[in-house]
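As structure tokens, the structure follows; a few thoughts come after it.
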């Protein structure tokens, strides 16, 4: 059973470009979470999605960031017009059922560098 | 202090010694989880302890939870060089609306086990 998969593992973007980060949850998991980790910091919750639904995006910046989890395919975290402050590691996690009380399994992360 | 704050920030020990890391949090929780992160890598789930549990074991790991003091400890016995990593505790807080899927992470304890 493959774990949570994320790609790309490393992404370099110039200021103003768009970044697309992909996450495939573990087999059988229908709940996906995105977290961001700034250098020397712990992870910060961004968004919680189920298939075709955004359940909670309270941790997402109001502008330039969006997330989706379509019926088919991976979850996508999209950052438009990236700025240097977006440089961070972005982690995706998944859980099998309703998130409360479930273990969340994390992917290897995508390290975004904005130049 | 922030929710899920680890102590100490850094710990250096010799192989074979025990390592103890602590975590304090501020609000009531449903569960507390410990994760390990090797440098530049993703998070590995170690153990989940529920709020009605006081102690849990998994191999060389022992986790305690004291909800009256809002604290948890992670003990790694007979440490190995391969245990060198950052260790994070993550809490999912009890809140109205049942949004207890949001994991809140501290900044972690960097454990170095010297061979």
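The values are calculated or read from the model by the stated rules, or taken from the named source; none is laboratory data. Predicted, not measured: the structure shown is a model, and the values here were computed from it. Cβ placement follows ideal geometry from the backbone for every residue including glycine, while neighbour counts extend to all protein chains displayed.
Quick notes
- Search result, residues across the stretch B:1-26 that are over 14 Å from the mean Cα position of the chain (by Cα) and either away from chain A (no Cβ under 14 Å) or modelled with pLDDT of 85 or more (or both): B:12, B:13, B:14, B:15, B:16, B:17, B:18, B:26
- Residue B:73 vs. criteria away from chain A (no Cβ under 11 Å), in contact (Cβ under 8 Å) with a residue 12 or more places away in the chain and part of a loop (DSSP other than H, G, I, E, B): no
- Taking the stretch A:11-50 as the range and being more than 23 Å from residue B:105 (Cα to Cα) and either within 11 Å of chain B (Cβ to nearest Cβ) or surrounded by 15 or more Cβ atoms within 10 Å (Cβ to Cβ) (or both) as the test, the residues that pass are A:11, A:13, A:19.
- Test: residue A:100 is surrounded by fewer than 18 Cβ atoms within 10 Å (Cβ to Cβ), within 11 Å of chain B (Cβ to nearest Cβ), in a loop (DSSP other than H, G, I, E, B) and modelled with pLDDT of 90 or more: no
- Breaking point among (1) in contact (Cβ under 8 Å) with a residue 24 or more places away in the chain; (2) within 13 Å of another protein chain (Cβ to nearest Cβ); (3) closer than 21 Å to residue B:90 by Cβ; (4) surrounded by 13 or more Cβ atoms within 10 Å (Cβ to Cβ), for residue A:7: (3)
- In the stretch A:65-77 there is no residue that is buried (at least 21 other Cβ atoms within 10 Å of the Cβ), in contact with a helix residue (DSSP H, G or I) (Cβ under 6 Å, 6 or more places away or on another chain) and not in a helix (DSSP H, G or I).
- Condition check for residue B:59: loosely packed, with under 15 Cβ neighbours inside 10 Å and out of contact with any strand residue (DSSP E or B) (no Cβ under 9 Å at 6 or more places or on another chain): yes
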